[in-house]
Amino acid sequence: MVGVAGLSGAPAVVAKAQPRLVVVGGGAGGLSVARRVAAHGGIRVTVIEASPRYAACFWSNHVYGGMVEPASVVYGYDGVRAAGVEVIHGRAVALDRERREVRLADGERVGYDRLLVAPGIAFRDVPGYDAAAQKAMPHAYDTRPDSHMRLLKQLRDMPDGGKVLVSVPAGPYRCPPAPYERVSLIAHYLKQAKPNSTIQVIDSKNAFLHQDVTQRAWNARYPGMIEWLPADFVGGVTAVEPKTKTLRTDFGTFSGDVVNFIPPQRADDIAVHAGLTDDEGFCPVAFPEMRSERDGAVFVVGDAVEAHTMPKAATAAVSQARSCAGAICRDLRDAEMPAPRLELTCYSFLDAKHAVINASSYAPTDDGGVTRVDAHNSDASETAQTRRDQAVAAKRWYRDVTRH
């Protein structure tokens with residue numbers, strides 16, 4: 001049973017010697033909150049995560065480019081446990097908000113005083129894109145290592161002269177520049193290993209972030225290799241045919257030797273079934289605390305959030321986590337913690353050594369939303385040295401966010 005509670009504010013904390021925060025989802029946002037709350041002390045922190053291994057989707061494109069080994073983007077949870085966080089490897093199947101319990105697939109129930117929901121995304125239904133189709137045409141857009149390995153194997157097995165087809169959904173979706181970075185880094189690999197191959201991009205949008213800079217880089221670095229087709233030419237994907245590796249669109253059919261089909265997205269099922277989402281399929285929250293608008297004892301960070309003008313990205317999730325952790329500590333320990341600024345920095349690599357950047361800051365609005373207050377985007381005037389420096393900064397950020 002899913003109850004509806006706390007719409008007018010945070011419910012009172014049940015008196016306990018040590019209150020408990022339960023985190024559903026062991027990705028960048030969930031773990032950032034868990035670590036910060038555990039470090040504050042006096043709060044029992046439990047993370048529920050189905051998989052014992054986590055693939056950092058936000059760095060996986062470097063695997064396809066041949067720049068890092070697959071194992072380098074896969075992590076376990078020993079470091080999280082060492083930081084004082086309890087980790088339960090089980091699948092959360094329901095949230096009982098009346099009883100303040102998370103129910104697992106094995107029947108276990110885990111009680112909480114505050115709940116953080118950070119489950120990431122799920123994919124909207126597309127006719128034909130079932131489990132078998134996901135193997136034939138992998139999206140490689142989640143945190144399961146096998147999904148990324150499947151796409152990598154297909155790219156490596158493709159003969160020289162083959163065609164890679166990449167399908168980009170309409171927004172909102174996880175990390176707006178990521179599909180185009182993926183195209184760049186696949187092209188980086190093909191140029192060296194299979195130079196007669198091509199990449200075709202069918203896009204459900206008519207424009208994308210860093211478009212001018214990215215397409216200039218494609219033409220300069222990978223001449224004749226990449227063809228980008230916007231929504232005006234292809235429409236949206238209406239169905240997939242895995243046996244022939246074909247995508248049907250409003251205006252025609254497209255196929256490839258390797259098909260990376262990235263489906264349209266929404267919040268994961270656990271959030272939907274708990275009644276935490278809106279009509280668009282994402283979770284409305286009150287910024288900057290990240291408290292759910294549906295339940296004052298529940299918080300949401302990361303890609304599952306209806307974030308208004310704040311894109312879905314790992315850096316956004318970590319920034320939201322800082323503010324969210326402070327709100328949870330105030331709730332459970334009456335601790336005064338400053339609310340940090342909400343920020344996002346998206347790096348997108350053009351090749352192994354050059355990256356462009358989208359850096360933005362955000363402020364909460366009076367109605368609990370968030371708005372962008374300043375931004376810096378790469379443009380054509382940047383020097384090659386600036387882009388090399390941005391690539392170095394991106395690698396430093398990745399090391400910092402994954403060092404434990």
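The values are calculated or read from the model by the stated rules, or taken from the named source; none is laboratory data. Just so it is clear, the model here is predicted, and its values are computed rather than measured. Reconstructed Cβ throughout: ideal geometry from the backbone, glycine too, with neighbour counts over all protein chains shown. Just so you know, the surface numbers come from the protein's heavy atoms only, side chains and all, with ligands and any DNA or RNA stripped out. Shrake-Rupley method; radii C 1.70, N 1.55, O 1.52, S 1.80 Å.
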Could you tally up the Lys pairs in the chain with alpha carbons closer than 13 Å? Skip any pair fewer than 8 positions apart unless they're on separate chains. 7
For the chain, what does the helix formula give at 222 nm: sum of -39500 (n - 2.57) over DSSP H segments with n ≥ 4, over the residue count, nearest 500 deg cm²/dmol? -8500 deg cm²/dmol
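If I take every Cα pair under 8 Å that is 6 or more residues apart in the chain, average their sequence separation and divide by the length, what percent do I get for the relative contact order?
The normalised contact order for the chain reaches 19 percent.
Within the set of other residues whose C-beta is less than 15 Å from the C-beta of residue 230, count the net charge using Lys and Arg as +1 and Asp and Glu as -1.
Here the charged neighbours net out to -4.
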Counting only protein heavy atoms and leaving out ligands, DNA and RNA, the solvent-accessible surface of residue 397 at a 1.4 Å probe, in Å² to the nearest 10, equals 60
Go through region 335-395 and name the trypsin sites (Lys or Arg not before Pro) that are in a DSSP coil and have 14 or fewer other Cβ atoms within 10 Å of their Cβ. 341, 353
Calculate the dipole size of region 335-387 relative to its Cα centre from +1 charges on Lys and Arg beta carbons and -1 charges on Asp and Glu beta carbons; express the result in debye to the nearest 20. 260
With the other protein chains left in place, how much accessible area per residue, in square angstrom, belongs to the chain at a 1.4 angstrom probe? 41
Between beta-carbons, use under 14 Å as the cut-off and find the net charge around residue 107, counting Lys and Arg +1, Asp and Glu -1. -1
Label of the coordinate-derived value, Cα Rg over 2.2 N^0.38 Å, listed as (i) 0.99; (ii) 1.05; (iii) 1.34: (i)
For the chain, with all protein chains present and a 1.4 Å probe, just round the carbon and sulfur fraction of the accessible area to a whole percent. 49
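What is the antiparallel percent of DSSP beta bridges lying wholly in the chain, to the nearest 5?
55
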